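Below: one structure, written as C-alpha cells.
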Amino acid sequence: MGSIPGVSAVRHAYTEISKNGNNRYWWRDRFINRVVSPTQQRIYGRGNAIDPFGGEHRYTDWDVLFVLDACRADLFEETVPDSGINYSSYEMVESPASSTPEWTSRLFEGRSFGDVVYITANPWTARVAPNSFHDRIDVWHDDFDDDVGTVRPEAMIKAAKAAIDDYPNKRIVVHLMQPHVPFIGGAEVDEGSKNNPEQVINEQIKTTGKEGSFGRLRYGDGDVKKVWSDYKSNLEIALKNIQNITNDIDGRIVLTSDHGNMFGEIAWPFPIRVYGHPDGLRSSPLIEVPWAVIESDSPRPTIKDDGAKHVPLPGEENQLSNKLESLGYK
C-alpha cells in the first residue's frame, strides 16, 4: 500500500521540530531557507548575473578561467594587490548563485561545452555535470589531502599545467577550493570545517549547524576578525600558486568566483544575520564576485569544439559523496 500523499512530509517536519524545536539557531536557518531565500529571489532576481559560459561576449571571451571557490569581491580586492598578480582590467560582477551546488546547476546542468576542459577540486561538478565538458579532470579524486580535508592549490596548478599542454585547443577551467573552508594557512587545521568528497556527492555537506569556522560564528561562538583573517590567508595561498603559472599561459586569463560568504551581514528585508553561504540568497556579500582579466603577450590559442562527452564518476558513488561531505556539503 502506498503512503498517503503529504503524510511523509508531515512526519519529517514533526521529527525535525521535535529534535530541534528548542534551538533558535535551527529556526533561524529554516527561516533563511524557507522565507529569506524565496523573498530575495523575487525582489532581486538574476537579471544582472553573468554567465561565463554563454552570456555576454566580454564574459565568455577567455582561454583559462580560474574559479576561486567562495571568494567575495571585497576579499579579492583587499588581497590581490600583494599577490604579485598584475591584471589588465577588473570589475565586480554578480554571480547567479550563492553556493557551488546552485552555481554548478545553473550554469552547467543540461548544457554542453565541447571546447572546455574542466579541472576541479570540488566534487560537485562530477555529480551535477557529468556530460557537460569535452573532458573533466577530477583532482579531488587523486590528490585530496585528508590531513587538511581539501585539495591544496599546488595540486590544482600541477593539473592545470598538464591540461594546458594536453589540450592546446581547448579552454581550461581551473576550479580551486580556496578560499573556501577548510582554512589551510594556519598552524592548526579546523577539524570542524574538514569534509570529504563522498559527502559532497551524497549531498551531505552542511551549510548550516555549528561545525567549523562559520558554524561557530552562526552560533555566536566564533571570532569574526579571526575567521576573516583565515579566509584571507586561504586566498593568499591560492593567488600565490596562480601567480606561479600565469606567465606560462598563452591567451586571456580570468580570475573569478562562484559565490561569496556572509559574515553576519543583514539579509534584507529581514533583520536576520547570515553566516557562510546558504543556497538561493541574493545578498551582496554572496553574489558580488571578482572578474579580473590578465592579458598575455603571447598569441591566443585557436579554440576548437570537439564535442562534450560523458565522464563517469571516478571510484564508487559513496567515495564521491564522502569527499563532498569533507568539503562541507551536507
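The values are calculated or read from the model by the stated rules, or taken from the named source; none is laboratory data. Remember, predicted model here, so these are calculated numbers, not experimental data. Here the Cβ positions follow ideal geometry from the backbone for every residue, glycine too, while neighbour counts run over all protein chains shown.
Side notes on the structure shown:
- Where a residue in the stretch 293-316 is over 25 Å from residue 93 (Cβ atoms) and its partner, wherever it lies, is among the hydroxyl-bearing types (Ser, Thr, Tyr) and modelled with pLDDT of 95 or more, with Cβ under 7 Å and at least six apart: 308/112; 308/132
- Any chance residue 49 is at positive phi and modelled with pLDDT of 95 or more: no
- Candidate set from the stretch 305-321 (those that are surrounded by 14 or more Cβ atoms within 10 Å (Cβ to Cβ) and at pLDDT 80 or above); member that is farthest from residue 249 (Cα to Cα): 313
- Criterion (crowded, with 20+ Cβ neighbours inside 10 Å, under 15 Å from the mean Cα position of the chain (by Cα) and in a strand (DSSP E or B)) met by exactly one of 274, 254, 289: 289
- Verdict on residue 74 being of a type in the set (Asp, Glu), under 12 Å from residue 53 (Cβ atoms) and in contact (Cβ under 8 Å) with a residue 24 or more places away in the chain: no
- Candidates are the residues of the stretch 136-161 that are among the β-branched types (Val, Ile, Thr) and closer than 26 Å to residue 114 by Cβ; the one that is surrounded by the most Cβ atoms within 10 Å (Cβ to Cβ) is 151.
- Which numbered condition residue 282 misses (of (1) in contact (Cβ under 8 Å) with a residue 40 or more places away in the chain; (2) outside any loop (DSSP other than H, G, I, E, B)): (2)
- Residue check, residue 264 of a type outside the set (S, T, N, Q), under 30 Å from residue 42 (Cβ atoms), out of contact with any Cys (no Cβ under 6 Å at 6 or more places or on another chain) and part of a loop (DSSP other than H, G, I, E, B): no
- Filter result for the condition that a residue is more than 16 Å from the chain's Cα centre (by Cα) and over 24 Å from residue 161 (Cα atoms), over 45, 84: 45
- Options 293, 289: the member that is more than 24 Å from residue 129 (Cα to Cα) and at pLDDT 95 or above: 293
- Lone qualifier among 233, 132, 229 - being surrounded by 22 or more Cβ atoms within 10 Å (Cβ to Cβ) and at pLDDT 95 or above: 132
- Across the stretch 116-141, the number of residues qualifying as free of Cβ contacts under 8 Å to residues at least 40 places away in the same chain and either closer than 20 Å to residue 303 by Cβ or out of contact with any strand residue (DSSP E or B) (no Cβ under 7 Å at 6 or more places or on another chain) (or both) comes to 3.
- Test: residue in the stretch 53-60 that is over 22 Å from residue 155 (Cβ atoms), assigned to a strand (DSSP E or B), touching a helix residue (DSSP H, G or I) at 6+ places or on another chain (Cβ under 7 Å) and modelled with pLDDT of 95 or more: no
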